Amino acid sequence: MQSSLRQIGRHARPIVSHASTSRFTLETRRHASFFNPLNWVKDKLVPAVREKPAKEDIDAGKKQAVAEGKQSVFEAAAAPVPRQPEEITEAGAPEKKAVARPKAIYAFTKKAKPKPTSHKYSTANFKISHRKLNMLGRQIAGKPIDHAILQMQFSEKRASTRIMNMLATARDHAVRYKRLDEPKLIVAESWVSKGPNRGKRLEPRGRGHTGVQRHPNSKLTVILKEGKTVEEKKKEDRERRIRKILYISHPATMHWRTLPIVLLGLVASSLAGPSQSFENTAVVRAVELGGAVVHVTTTYAIKATKPNAKIYTIALGLEEKERTSWLDVRVKGKQESLPTSGHKLDSSRNYHLIDVTLEKPLALNSTLNLVVESHQTHATVPWPAEASQKEDQALKYKTDLFILSPYHTAVQRTKIKALTPRIISYTTPKGVEVFTSDEPATKQGAAVTFGPFNGIPPSANQKFIEEYQQPIIMHYYHEQPVLEISKLTRSAEISHWGNNLNIQDDITLHNAGPVLKGHFSRLEHQSQTFYKRPAPQTLPALTLHLPAGISNTYYYDLIGNVSTSRLRVAPPVPKGSRSNRFSVLELRPRYPILGGWNYSFTLGWDAPLSDSAAYDKSTGKYIVEVPIMTGIPGAVVSSAKVSVILPEGATDVSFTTPFPAISNTLTTHTTYLDSIGRPKLTFDYKDLTINQAQKIYVSYSVPLSAHLRKPFVVGTAFFSLFALAIIGRRINLTINKQKTL
């Protein structure tokens with residue numbers, strides 16, 4: 001019906017179906033003069049009711065579309081394939097014919113998504129200059145991701161912690177979301193972008209002027225890609241070194257003949273070494289130069305290569321072992337020290353081994369950071385050895401280039417830092433191209449960095465030391481006096497009757513700086529003091545920290561050099577309190593102590609015994625703590641002798657020292673009003689620093705008879721004196737007797 005109605009002329013109106021009737025009306029268009037706009041709008045806008053087509057018409061339209069090849073995509077995909085009747089062959093089995101399926105207009109083929117080859121990550125904008133951040137970006141560019149994280153972990157820059165966290169997050173995202181291989185990840189690119197300024201503020205200047213100070217923002221962006229692993233780089237480097245050795249040592253015709261021999265020698269040397277239970281992923285040594293004491297901090301990032309590894313071994317050179325007076329090993333971030341035990345000294349080797357027992361065994365591939373702190377004494381030498389009052393003080397420090405270790409080290413670095421950036425000269429290592437391709441020594445400010453050196457084999461052996469180990473010397477200016485206490489004699493006397501602990505120090509102070517050249521000039525010294533430019537090798541005054549709550553402080557010397565002093569006594573510290581109070585004693589000699597001069601004086605004080613003693617009722621013993629020395633910052637005590645005099649009659653004496661003494665003896669000390677003498681403990685020490693200003697704990701028992709022995713002896717002495725006076729009064733010593741009338 002619809003197709004027949006479509007043939008009506010162009011002036012015919014469409015069919016209108018009314019809901020009330022079932023008839024159709026055909027209205028012709030009226031003349032233009034009878035045009036009604038409202039009806040026209042109504043006809044255009046009011047929706048017409050369309051008759052639902054019959055099912056037969058729909059099927060006929062679909063068949064016509066299939067025949068003409070105009071079938072829709074969805075109908076072509078869902079069209080069923082007509083099943084053809086099977087024909088029976090002579091053998092009785094039905095014969096299958098190929099059925100031609102209708103071809104779809106569009107073929108849906110899902111393309112495989114390519115695997116990502118890189119991962120881009122960046123920090124947020126934070127307050128830092130782009131120049132400062134660019135130095136960190138250059139430091140990590142081109143390195144494996146794990147090495148870049150280690151570089152940031154041991155960096156001293158303020159932004160290194162933020163960059164380290166960003167690299168760790170980027171590594172995790174690259175592995176988790178991009179499915180990249182973690183051991184092969186490297187920092188392919190890194191760049192710094194400027195961010196918006198956080199704000200401005202006024203900067204006051206001279207003569208009433210002001211400036212504008214801007215706070216810059218920057219961010220660091222990195223791109224991680226898969227590259228060569230550390231092992232592959234080591235293998236290539238090893239092959240390159242082998243080719244270089246063969247190229248230098250043999251003619252071209254002998255290269256490939258000798259290559260198996262060299263490889264066999266390398267394999268044999270690796271098999272002949274001891275079994276390695278650890279490896280060092282990074283070793284960083286920081287040397288803080290001073291005067292008489294040099295502070296060395298070495299951080300070992302270790303990795304267990306065998307399960308249940310618990311004993312880690314560190315190595316020191318013989319010269320370093322002789323200069324090291326204090327050594328402490330602990331896990332990074334913890335305060336508890338780990339137990340150590342040194343091997344027996346062997347004169348046939350140039351190193352000394354120390355075993356460190358870890359808190360718990362490490363599992364396979366577990367990592368841990370160990371921090372080894374040590375103090376080196378008498379490690380610097382004044383150069384030149386003589387200087388006048390107007391000249392500066394220069395020192396020389398000598399150490400080894402490589403950090404010895406019995407394990408393989410992936411990367412190591414040594415940083416030597418002075419107090420001021422006035423560095424005169426430093427050694428440039430030679431023949432280390434095998435371990436680094438960069439400049440082996442670089443100076444930045446007051447620090448000189450040696451390394452990083454990569455792929456270092458186990459170095460605690462004679463062959464490595466003879467072939468690669470070399471000394472490095474740093475010549476620098478030092479603006480503080482070099483102090484040494486040549487001899488310290490401390491006597492601590494315990495008195496129960498007086499509830500007193502008396503300590504007396506006999507000190508011989510020595511200025512180990514350059515020896516004074518010429519005569520001392522008082523005018524030059526006064527002018528330097530007036531302009532506040534004292535000579536660096538001059539000691540004008542000395543400040544000592546004494547215990548809190550002391551009394552009856554006294555000092556004297558043989559020549560009366562002490563002219564000015566000031567003592568500020570702190571109140572006593574209650575027992576169990578962690579307060580760090582101390583009394584301050586300022587001594588200003590009449591003459592300053594110049595280079596090469598000595599100054600001997602005696603210092604003593606009394607302290608309440610109850611502040612440093614305790615009584616254990618369960619054992620009936622007294623426990624007294626006696627400080628070994630009074631620490632002077634930057635000074636070393638070359639020789640110390642500490643004596644602890646116990647009360648008369650003390651028995652069952654035992655002691656505990658914070659570190660072993662060179663020797664200790666128990667003798668008898670006799671003084672006035674003593675009958676049998678007092679026990680005396682003597683400890684000898686050598687090369688003590690301020691970190692060794694700790695306490696000796698002495699325990700002993702004093703019976704009641706010993707407590708009463710002193711008043712009994714005093715009473716007996718006075719009674720004997722009175723008895724002798726009474727008897728002597730009644731003795732007549734005259735020669736001639738007088739006659740009585």
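The values are calculated or read from the model by the stated rules, or taken from the named source; none is laboratory data. Given the structure is predicted, the values throughout are model-derived calculations rather than measurements. Cβ atoms come from the backbone with ideal geometry, glycine included; neighbour counts cover every protein chain shown. To get the accessible areas, we keep the full protein, side chains included, count just its heavy atoms, and leave off ligands, DNA and RNA. Shrake-Rupley method; radii C 1.70, N 1.55, O 1.52, S 1.80 Å.
Here are the numbers for the structure shown:
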{"quantity": "Filter pass, residue 733 being open to solvent by 90 Å² or more (accessible area, probe 1.4 Å), without any contact (Cβ under 8 Å) to a residue 24 or more places away in the chain and more than 28 Å from residue 617 (Cα to Cα)", "calculated": "yes"}
{"quantity": "Answer residue from the stretch 191-233, given it is among the basic types (Lys, Arg) and closer than 30 Å to residue 280 by Cβ and is most open to solvent (accessible area, probe 1.4 Å) among those", "calculated": "228"}
{"quantity": "Selection status of residue 467, open to solvent by 50 Å² or more (accessible area, probe 1.4 Å) and either within 30 Å of residue 388 (Cα to Cα) or among the aliphatic types (A, V, I, L, M) (or both)", "calculated": "no"}
{"quantity": "Matching residues in the stretch 429-447 - criterion: being open to solvent by 60 Å² or more (accessible area, probe 1.4 Å) and in contact with a Phe, Trp or Tyr (Cβ under 9 Å, 6 or more places away or on another chain)", "calculated": "442, 443"}
{"quantity": "Yes/no for residue 638 being part of a strand (DSSP E or B), polar (S, T, N, Q) and open to solvent by 40 Å² or more (accessible area, probe 1.4 Å)", "calculated": "no"}
{"quantity": "Subset of the stretch 411-465 (residues that are aliphatic (A, V, I, L, M) and part of a loop (DSSP other than H, G, I, E, B))", "calculated": "418, 419, 432, 434, 446, 460"}
{"quantity": "Within the stretch 490-519, considering residues that are crowded, with 17+ Cβ neighbours inside 10 Å and among the β-branched types (Val, Ile, Thr), the one nearest to the chain's Cα centre (by Cα)", "calculated": "507"}
{"quantity": "Residue 329, sole failed condition from (1) touching a strand residue (DSSP E or B) at 6+ places or on another chain (Cβ under 9 Å); (2) surrounded by fewer than 12 Cβ atoms within 10 Å (Cβ to Cβ)", "calculated": "(2)"}
{"quantity": "Hey, residue 483 within 26 Å of residue 569 (Cβ to Cβ), under 34 Å from the mean Cα position of the chain (by Cα), at pLDDT 90 or above and not charged (D, E, K, R) or not", "calculated": "yes"}
{"quantity": "Any hit, the stretch 611-631, residues being open to solvent by less than 30 Å² (accessible area, probe 1.4 Å), within 13 Å of residue 501 (Cα to Cα), touching a Leu at 6+ places or on another chain (Cβ under 7 Å) and outside any strand (DSSP E or B)", "calculated": "yes"}
{"quantity": "Single unsatisfied condition, residue 322 versus (1) buried (at least 16 other Cβ atoms within 10 Å of the Cβ); (2) in a helix (DSSP H, G or I)", "calculated": "(1)"}
{"quantity": "Residue list for the stretch 662-701, restricted to those being among the charged types (D, E, K, R) and open to solvent by 70 Å² or more (accessible area, probe 1.4 Å)", "calculated": "686, 695"}
{"quantity": "Within the stretch 353-410, tally of residues that are open to solvent by 50 Å² or more (accessible area, probe 1.4 Å), of a type in the set (A, V, I, L, M, F, W, C) and part of a strand (DSSP E or B)", "calculated": "1"}
{"quantity": "Sole exception among (1) more than 60 Å from the chain's Cα centre (by Cα); (2) closer than 18 Å to residue 650 by Cα; (3) at pLDDT 80 or above for residue 722, by number", "calculated": "(2)"}
{"quantity": "Residue that is farthest from residue 603 (Cα to Cα), among those in the stretch 520-535 that are outside any helix (DSSP H, G or I) and open to solvent by 20 Å² or more (accessible area, probe 1.4 Å)", "calculated": "531"}
{"quantity": "So residue 310, is it in a strand (DSSP E or B), open to solvent by 50 Å² or more (accessible area, probe 1.4 Å) and in contact with a Phe, Trp or Tyr (Cβ under 7 Å, 6 or more places away or on another chain)", "calculated": "no"}
{"quantity": "Pair list, Cβ < 7 Å and 6+ apart or interchain, from the stretch 178-206 residues that are outside any strand (DSSP E or B) to residues that are open to solvent by less than 90 Å² (accessible area, probe 1.4 Å) and among the acidic types (Asp, Glu)", "calculated": "180/226; 181/226; 184/226"}
{"quantity": "Cβ-Cβ under 9 Å pairs, at least 6 apart or on other chains, the stretch 155-168 side of a type outside the set (A, V, I, L, M) and open to solvent by less than 10 Å² (accessible area, probe 1.4 Å), far side part of a loop (DSSP other than H, G, I, E, B) and modelled with pLDDT under 95", "calculated": "160/154"}
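Here is a yes/no grid of residues against (1) more than 21 Å from residue 154 (Cβ to Cβ); (2) within 18 Å of the chain's Cα centre (by Cα):
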| position | (1), (2) |
| --- | --- |
| 321 | yes, no |
| 330 | no, yes |
| 336 | yes, yes |
| 344 | yes, no |
| 351 | yes, no |
| 361 | yes, no |
| 368 | no, yes |
